[in-house]
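No value in this document is a laboratory result; all are computed from the given coordinates. These numbers come from a predicted model, not from an experiment. Ideal geometry is used to build each Cβ from the backbone, glycine not excepted, and the neighbour counts take in all protein chains shown.
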Amino acid sequence: QSQLVESGGGLVQPGGSLRLSCAVSGPTAGYGAIGWFRQAPGKEREAVSCINSSDGSTTYAASVKGRFTISRDNGKNTVFLQMTSLGPEDTAVYYCAQDADLYCPDYVPDKADWTYWGQGTQVTVSS
């Protein structure tokens, strides 16, 4: 089993930046892939980004490409999501997910493919 804890959410102004963190623990924490998802009120949970544990390769949804950057701290099994140029459309609860058997190709696997999830952290973009 893996445990995931997100942090770093909060209120930011349009055009601002925010960095989210996802701490992963458990016997398979260093395997598979880590994904970021978000869910806005009244909308489906959507994929944001993914990073593969094996080679560090990354994938982004078209809506965030060029604005968000996913990275990892290998020693502490922590994954980050650096968000810039934020707009109201980015307002959502952001979730971190992990699966020890997944590999993200040129897309982020569907939310149903991920085994473990964090509790989520709220990101609100408003002036």
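Below, the figures for the structure above:
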{"item": "Environment charge of ARG38, counting only residues whose C-beta is closer than 12 Å and scoring Lys/Arg +1, Asp/Glu -1", "result": "-2"}
{"item": "Net charge, GLU89 excluded, C-beta distance under 13 Å - Lys, Arg +1, Asp, Glu -1", "result": "+1"}
{"item": "Residue among SER7, SER127, ASN52 farthest towards the positive dipole end of the chain, charges placed on Cβ", "result": "SER127"}
{"item": "Inter-site label distance for ASN74 and SER25 at 7 Å from Cα along Cβ, in nm", "result": "2.3"}
{"item": "Spin-label model distance (nm) - SER127 vs GLU89, 7 Å beyond Cα toward Cβ", "result": "1.7"}
{"item": "Segment THR115-ARG67, extension gain: residue separation times 0.36 nm, minus the distance between their alpha carbons", "result": "14.6 nm"}
{"item": "Cut-off 18 Å (backbone N to label point 7 Å along Cα→Cβ of VAL5), residues of the stretch 89-107", "result": "94-98"}
{"item": "Highest-MSF residue in the chain out of GLN13, GLN39, GLN98 [GNM, Cα springs under 10 Å]", "result": "GLN13"}
{"item": "Dipole axis of the chain (+1 Lys, Arg; -1 Asp, Glu on Cβ), positive-most option in TYR31, PHE80, SER17", "result": "SER17"}
{"item": "If the convex hull is drawn through the Cα atoms of the stretch 67-127, its volume per residue in Å³", "result": "121"}
{"item": "Cys with no candidate disulfide partner in the chain (beta-carbon separation under 4.7 Å rule)", "result": "none"}
{"item": "Sites matching GluC sites (Glu not before Pro) across the stretch 1-63 that sit in DSSP coil, with at most 16 neighbouring C-beta atoms within 10 Å", "result": "GLU44"}
{"item": "Sorted peptide list for 51-60, 16-25, criterion being average Cβ within 10 angstrom, highest first", "result": "16-25, 51-60"}
